[in-house]
Structures are given as structure tokens and as C-alpha cells.
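Asker: Provided herewith is a single structure, encoded as C-alpha cells, for subsequent inquiry.
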Amino acid sequence: MTTNRTMNTIALVQKNSLPSLVQKELERMILAGDLVAGDKLNEVSLAEMLGVSRGPVREAFRALEEAGLVQQEKNCGVFVRQISVEEADEIYEVRAALDELIGRKLASIIKPVQVQELRMLLERMDGMVALGDVDGYLKLNLSFHDALVQFTANKKLLHTYRRLVNELNLFRRSALAQKGSLPTSTTEHHQIVDAIAAGDAQAAGDIMREHAVAGRNRMHKAQAQKTAAAEQIALKSS
């Protein structure tokens, strides 16, 4: 009887945890650039690669679609989500408003231990800047902003914010890879934490909003450089 109960418990844990584990791995691959915008995700191939059945992969696809990382197209399959610059502008506009809200709120409720956690993240980010490690910085940048939202203790805000951040994945790396972007970005992060730690709601909100706007500007600059490079290649080929 005990053996049967144990086996049932193990089966239940496996059933509930596998889709989550698959989702996290696919999310990691997308955010790391192993799977890029527009890539078609093959259910069978991914199941074989991850050593699971197709069921957990299918469930992971649904969760990733809800998170804004993939999209399912009828009769075509599942693809890593690809958004236009125009849609990214709209997302940045919403994110700027949310960032201002987050900064104002945290300035009045932040705990010393949370400030310390943010400063430790900043130290690690500074290290990535010194190394010129864009991918390492990008990962920590996501953790930094996610921590800020988590500290507001607003679950609805966290869910909404995470989706917006995921949708901007297509543009984020190219924006931060520009020369001088990493030092500028990390300086802005230090200013954010300083204002929040000082309890200055006005400054914290303003700086966080301006940080989002600066991110949008970096995105446009990166896109302009990409277009110019493509035009140069086309001219040389003609």
C-alpha cells in the first residue's frame, strides 16, 4: 500500500513538473538566442532532445505563448515570437509607465536587505561591463528588473511586466551590444537603486521611466545600424 502511494506521488510530481522544466529550458534557449525570433519549434525534435514525451512539450508551448515568447499559427505550427519595431515602440511606451510606477512604489516600501540584493546584482553587472560580456550582462539585466518588480509584491504587475520584457527579447541584445551601451545602461541602474534606497519616489520614478525611454532609443539606433549594414552589403553585391 505504501509502495503504491509512493509510486503515485512520484508519478504526480513528474506529471506536474515536467512541463514546467521543459518550459524553463525552452525559455532559457530563447532568451539566450539559441532559438531566435521566427524559428519554428518542432514538437517531436524538442521532445527527443529533452528526453521527454510530446505532452510536456505541448504544455510548455501553451505556457510560453501566454508568456509572450512563442506564437502558434493555425496549420503552420509554433514559432518563436517575432514582433515589429512599431509594436516594440508600443511595448516600450507601456513599460515606461510601469517602470515609473515601480520606482515610485519601491522608494516607499523597499527593505534594506532588498537594496543590498540589488547592489550585489549591480556589482556582478559591473563585472560583465568590464569584460564586455553582452550575454552575461543581458542575463543579469533581466534578473535586476525582475527583482525590482518582485519587490513591489504586486503579482499582477509582475505577470504583466514579465510578458512585456519577453516580447522585447528580439531587440534587447542588439541594443545592448552597441558600443558604449553597457556602461551607460549600468550607470542608469546605479542611479535607479540610489534613488530608491534614498526613498525619493519622484526621482526613482523619473529615472526608471527615462531608463525605459533610453532603452527604446538604443533599440532604434541598433535597428538603424542593422539597416545601414544590410544596404552596404546589397550595394557591394550589386
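The values are calculated or read from the model by the stated rules, or taken from the named source; none is laboratory data. Only a predicted model underlies this, so the values are computations on that prediction, with no experimental measurement involved. Cβ: placed from backbone, ideal geometry, glycine included. Neighbour counts: every protein chain shown. Accessible surface is based on the protein model in full, side chains and every heavy atom, while ligands, DNA and RNA are left aside. Shrake-Rupley method; radii C 1.70, N 1.55, O 1.52, S 1.80 Å.
Asker: Checking A147 against (1) assigned to a helix (DSSP H, G or I); (2) farther than 19 Å from N169 by Cβ; (3) at pLDDT 95 or above; (4) not polar (S, T, N, Q): exactly one of these is not met. Which one?
Answerer: So A147 meets the others, but not (2).
Asker: A follow-up question, please. Would you pick out the residues in the range 95-125 that are exposed (fewer than 14 other Cβ atoms within 10 Å of the Cβ) and within 30 Å of R62 (Cα to Cα)?
Answerer: A97
Asker: Which residue out of S45, S53, S20 is of a type in the set (G, A, S), modelled with pLDDT under 90 and surrounded by fewer than 14 Cβ atoms within 10 Å (Cβ to Cβ)? Even if it seems obvious, please write down each step before you answer.
Answerer: Working: S45 fails: modelled with pLDDT under 90; S53 fails: modelled with pLDDT under 90.
Only one candidate qualifies: S20.
Asker: Please work out if L64 is surrounded by 15 or more Cβ atoms within 10 Å (Cβ to Cβ), of a type in the set (A, V, I, L, M, F, W, C), within 18 Å of L142 (Cβ to Cβ) and modelled with pLDDT of 90 or more.
Answerer: Yes, satisfied.
Asker: Can you run down the residue pairs with Cβ atoms below 7 Å, 6 or more apart or on separate chains, where the first is in the range 60-75 and part of a helix (DSSP H, G or I) and the partner is β-branched (V, I, T) and crowded, with 18+ Cβ neighbours inside 10 Å?
Answerer: A60/V22; F61/V70; F61/V78; L64/V70
Asker: Moving on to the next point. Give the range 185-224 a look and list any residue that's open to solvent by 60 Å² or more (accessible area, probe 1.4 Å), within 19 Å of the chain's Cα centre (by Cα) and either modelled with pLDDT of 95 or more or under 19 Å from E123 (Cβ atoms) (or both), or say none.
Answerer: If the condition is that a residue be open to solvent by 60 Å² or more (accessible area, probe 1.4 Å), within 19 Å of the chain's Cα centre (by Cα) and either modelled with pLDDT of 95 or more or under 19 Å from E123 (Cβ atoms) (or both), then R209, E210 are the ones that fit.
Asker: With the structure loaded, tell me whether E86 is open to solvent by 30 Å² or more (accessible area, probe 1.4 Å), within 22 Å of Q223 (Cα to Cα) and modelled with pLDDT of 90 or more or whether it fails that test.
Answerer: Values: open to solvent by 30 Å² or more (accessible area, probe 1.4 Å): yes; within 22 Å of Q223 (Cα to Cα): yes; modelled with pLDDT of 90 or more: yes.
When the stated conditions are applied, E86 passes them.
Asker: Which is under 28 Å from T227 (Cα atoms) and acidic (D, E), of E100, E123, E93?
Answerer: Working: E100 fails: under 28 Å from T227 (Cα atoms); E123 fails: under 28 Å from T227 (Cα atoms).
Result: E93 is the single residue among E100, E123, E93 that is under 28 Å from T227 (Cα atoms) and acidic (D, E).
Asker: Would it be correct to say that L31 is of a type outside the set (K, R), surrounded by 15 or more Cβ atoms within 10 Å (Cβ to Cβ), farther than 29 Å from V134 by Cβ and modelled with pLDDT under 90? I'd like the intermediate steps shown before the answer.
Answerer: Numbers: of a type outside the set (K, R): yes; surrounded by 15 or more Cβ atoms within 10 Å (Cβ to Cβ): yes; farther than 29 Å from V134 by Cβ: no; modelled with pLDDT under 90: yes.
Against the criterion (of a type outside the set (K, R), surrounded by 15 or more Cβ atoms within 10 Å (Cβ to Cβ), farther than 29 Å from V134 by Cβ and modelled with pLDDT under 90), L31 does not qualify.
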